[in-house]
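So the structure is just underneath, and the comments pick up after that.
The values are calculated or read from the model by the stated rules, or taken from the named source; none is laboratory data. Every value quoted in this text rests on a predicted model; they were computed, and no experiment measured them. FYI the Cβ positions are ideal-geometry reconstructions off the backbone, even for glycines, and counts take in every protein chain you see.
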Amino acid sequence: MIKSSLVVALLCAIGMSAAHAQPGQTPPSEPRPERDPAIDPTDGVQAPPPSDSVFDPDTLVERAIAASPTLEKIARGTFRRARRAISIGPTIGVYGASIVSPGEADAALTFGLGIETFKVPVLPSIENFQELVKERAKAKLVEQVALVFKGQRPEATALDQLVREVIEEAVQEVLGLDNIRPKTMERPSLTLAVEGNRYFDSNVWMTRLRLGIGIWKLTLAGSVSAAFTDPKTSVFAGPEVVAHFLTSRNPRASVLDVFLRADFELRNRGTMNTDTMAVGVRYLVDVL
């Protein structure tokens, strides 16, 4: 009897399970307790900042480039200053010479081709400026993350403000326009020239090679020259001190040189001493 009752109970349980498992029917779910509207489950949890306040450095760079006309100004300034740092072209000038031992004087025409470079502060390239903006953007991003950890929510409109701040900081650091205005006497760096000289009274032709480096606002150069005289060609060497004056504030600037030079004869010194002191001016026409 007991066994029969158990079998019946088991069959009933199987039947009930099969009825609940029929297709199209789902077992009823447990009823959920209603939420108290006065209780906010996110209470005490800091909400993530709005999407506009998540600052991606690359995005910030793009926004900064699009929003600021300063990059165009930097590009123009970079070209102008870099172009002003070098002058290349023909030279023409005159100088007076005093031959020390005989006590004679003469004047000469000088002409040739020269290259003069100057230590002109050049503005950063656009790529360097973008890198600087990116560094500033990352610094601003760190500040925003610090605010989140302190429980403060960044404002949704902060991106435009950060763009302006980043650009202003970068511009203030790299431009300094007041300190790099074009100057009449830029600091020289390197001078290289070949030239010919023609003396008026003695009808002597000379060739000369000059090479100099900038020291403060002057160039200290050395020159080697050859004078085609009878019976032998004379060879000279000596120092030259040059002051350079750029004649324009434009990117292409010709240069007026005022020079003092000493030529010491090397080859015929035993028979004829024609050491020479010369002072003159020459003009380099910047053509490139």
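Remarks
- Residue within segment 249-266 that is modelled with pLDDT under 95, in a loop (DSSP other than H, G, I, E, B) and more than 24 Å from Arg80 (Cβ to Cβ) present: yes
- Extreme residue, nearest to the chain's Cα centre (by Cα), among residues of segment 83-115 that are at pLDDT 80 or above and β-branched (Val, Ile, Thr): Ile86
- Flag for Glu186 being assigned to a loop (DSSP other than H, G, I, E, B), surrounded by 15 or more Cβ atoms within 10 Å (Cβ to Cβ), charged (D, E, K, R) and touching a Phe, Trp or Tyr at 6+ places or on another chain (Cβ under 6 Å): yes
- Qualifying residue in segment 71-82 (condition: under 30 Å from Phe264 (Cα atoms) and at pLDDT 60 or above): no
- Criterion (out of contact with any Leu (no Cβ under 7 Å at 6 or more places or on another chain) and farther than 29 Å from Asp106 by Cα) met by exactly one of Pro231, Pro251: Pro251
- Here Val142 clears all of (1) farther than 30 Å from Arg282 by Cα; (2) at pLDDT below 75 except the condition numbered (2).
- Residue tally, condition surrounded by 15 or more Cβ atoms within 10 Å (Cβ to Cβ), within 21 Å of Pro102 (Cα to Cα) and out of contact with any Ser or Thr (no Cβ under 7 Å at 6 or more places or on another chain), over segment 235-275: 3
- Segment 207-221 residues that are closer than 19 Å to Leu246 by Cβ, paired with ones that are modelled with pLDDT under 95 and among the aliphatic types (A, V, I, L, M) (beta carbon under 7 Å, 6 or more apart): Lys217/Met185
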